[in-house]
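**Student:** What follows is a structure written as C-alpha cells; I'll ask about it next.
We did not get these values from a lab; they are worked out from the coordinates using the rules stated. Please read all numbers here as calculations on a predicted model, not as lab measurements. Positions of Cβ are backbone-derived with ideal geometry, glycine not excepted, and every protein chain shown enters the neighbour counts.
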Amino acid sequence: MATSTEPILILGGGLMGLAVAHQLARRGQAVLVLSRRRNEAAGFVAAGMLAPHAEGLSGALLQLGQASLALVPAWVTQIETDSGLSCGLRNCGIVVPFRTPEERDSYPTASWGTSLDRQGLQGEVPGIAATWQAGLLFTQDGQIDNRRQLMRALERACTRLGVQFQEGSEVQKLIKGPSGKLQGVRLVTAEGDALSLTCCQAVLAGGAWSGQLLPELPVFPVKGQMLSLQAPKGALERVVFGPGTYLVPREDGLLVVGATSEPEAGFGEGLTPNGQRSLQEGIGSLLPAASQWPPMERWWGFRPCTPDGGPLLGSSAIPGLWLATGHHRNGVLLAAITAELLCQQINPGSAENPESSEAALRLLNQFRWSRFQQA
Ligand code: GLY
C-alpha cells in the first residue's frame with residue numbers, strides 16, 4: 001500500500017483506536033495514537049462476547065457482526081503473532097435461555113441456532129434455573145478476554161510495529177483549513193502544555209466521548225455496570241446470555257457478569273446499589289448456585305451509542321477525518337471489521353482482493369454518518 005511518513009493520528013486509545021492503529025501499522029503506515037485516559041476505554045469494561053447471533057442482531061448490523069466474527073480468528077492470530085501475547089479467544093458457544101419454546105422460536109436469530117428443550121438446556125448449562133424451559137445454542141459465537149488480555153496484546157502489537165503513543169493527551173479541537181479539510185488538532189498534553197499537531201488524516205475513535213470533539217456526531221453514552229465472581233473451574237463452559245444479565249466464563253473460572261444499560265445516567269460515574277442489585281438478581285434467576293460464588297471485582301463504563309444502535313464508520317463531513325465510533329453493545333465483536341474497513345477507506349489499495357473490497361464497501365455504506373444527516 002502507498003503509505004505516508006506523516007503519521008495518521010488516532011484520536012482515542014481504546015479498542016477501536018488500537019485495532020485501527022494496528023492494521024494501519026501492519027500495512028506500513030506511520031501512526032500516532034493520542035489517548036486521554038486508557039483505563040476509561042470501553043474495551044477494558046466490556047465482557048468480550050462475540051455474539052451477533054446470541055444478541056439477536058438483525059439486518060445490516062447482523063451482517064456486519066457476522067462479517068467481523070469471520071475475521072476474528074485470523075485477526076487474533078495477527079495480534080498474538082505481533083505481540084507475543086495470548087488474547088484469550090474462546091470458541092465456547094453461547095446459550096440464550098427462554099421461558100417458553102414460543103419465545104425461543106420467535107427470537108430474531110433463531111434460525112442460526114440449535115433449538116434446546118429443557119433437558120438440552122440443562123445439559124449445556126448445568127444448574128440453570130427451572131424458569132428457563134427452552135434455549136438456543138449458538139456454537140459459532142464465543143468470547144475473548146478483552147479486559148485482561150486483548151487490550152494488552154493489541155497495545156504491545158502496536159508498539160512493536162512502531163506505533164507511537166501519547167498517553168494523557170486530551171484532544172480539544174479539530175483544526176480545519178480554508179477548504180474545510182482537516183489540517184491538525186489542538187491538544188493538551190499530560191504535562192498540561194497546549195500544543196497543535198498538523199495532520200492530513202485522523203481517525204476519530206473516542207468512544208462515548210466522540211461527540212465532545214465533534215458535537216454534531218450523534219453519539220451518546222449508555223452506562224453499564226458489571227461485576228465478576230470466582231466460579232469453580234469448569235462449572236460453566238458456555239456463555240449464558242439471559243435477558244438483562246449475561247454470564248461469561250473465562251478459562252480460569254473467573255465469571256464476568258454484565259450488564260446494566262443506563263442511558264439516563266449520562267456520564268454519571270460509579271456503581272449504584274440498584275445497578276448492582278439488578279445484576280445480583282439476574283445471577284440468581286439464571287444460575288442460582290452462582291449467587292454463592294465469591295465476588296471479585298465491580299466496575300462500570302460507557303458504551304458509545306447512536307440513535308439506531310449501529311456504529312459510525314468511514315468518512316465524516318470533514319475531509320481527512322475518519323470515523324470509528326458508536327459501536328454500542330458490539331464493540332469487541334466489531335473491532336476486527338472496523339479496523340479492516342477503515343484501512344480500506346484510508347487506503348483503497350490495501351484490500352487483499354477486489355471482490356472482498358467491494359463487499360466491504362457495500363457493508364460500510366450502511367454505517368456512514370450520512371444515514372443520520374439525510375433524515
Ligand atoms: N454486549 C453486551 C453489553 O453491551 O452489555
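**Student:** Rounded to the nearest 0.05, what FRET efficiency do Thr77 and Trp299 have when you use their Cβ-Cβ distance and R0 = 30 Å?
**Tutor:** Numbers: r = 29 Å, r/R0 = 0.97.
The computed FRET efficiency comes out at 0.55.
**Student:** Test of understanding: what is the full-extension gain from Arg27 to Ala130, defined as 0.36 nm times their sequence separation minus their Cα-Cα distance?
**Tutor:** On the way: separation 103, 0.36 × 103 = 37.08 nm, distance 5.22 nm.
Contour length minus Cα-Cα distance gives 31.9 nm.
**Student:** Among bridges DSSP assigns within the chain, what percent are antiparallel (round to 5)?
**Tutor:** 75 percent
**Student:** By how many nm would the segment from Asp308 to Ala190 lengthen if fully extended, with 0.36 nm per residue of separation less the alpha-carbon distance?
**Tutor:** Working: separation 118, 0.36 × 118 = 42.48 nm, distance 3.52 nm.
Additional length available on full extension: 39.0 nm.
**Student:** Give me the distance in nm between label points sitting 7 Å out from Cα along the Cα-to-Cβ direction at Ser356 and Phe372, one decimal.
**Tutor:** In this crude spin-label approximation the distance works out to 3.0 nm.
**Student:** Using mean Cβ contacts within 10 Å as the protection proxy, how do 213-219, 140-146 order, highest first?
**Tutor:** 140-146, 213-219
**Student:** Roughly how far apart, in whole Å, are the Cα centres of the range 85-108 and the range 295-361?
**Tutor:** Between the Cα centres of the range 85-108 and the range 295-361 lies a distance of 24 Å.
**Student:** Something else about it: Taking only DSSP H segments of four or more residues, each worth -39500 (n - 2.57), what value at 222 nm results for the chain once the sum is divided by all its residues, to the nearest 500 deg cm²/dmol?
**Tutor:** Roughly -9000 deg cm²/dmol at 222 nm, from the helical runs in the chain.
**Student:** What whole-number distance in Å separates the alpha-carbon centres of the range 1-62 and the range 244-264?
**Tutor:** 22 Å
**Student:** For a quick check of your reading of the filter: which GluC sites (Glu not before Pro) in the range 242-302 sit in a DSSP loop and have no more than 11 other Cβ atoms within 10 Å?
**Tutor:** On the way: sites: Glu251, Glu264, Glu269, Glu281, Glu297; in loops: Glu251, Glu269.
Here the GluC sites (Glu not before Pro) that fit, given the DSSP loop and packing criteria, are Glu269.
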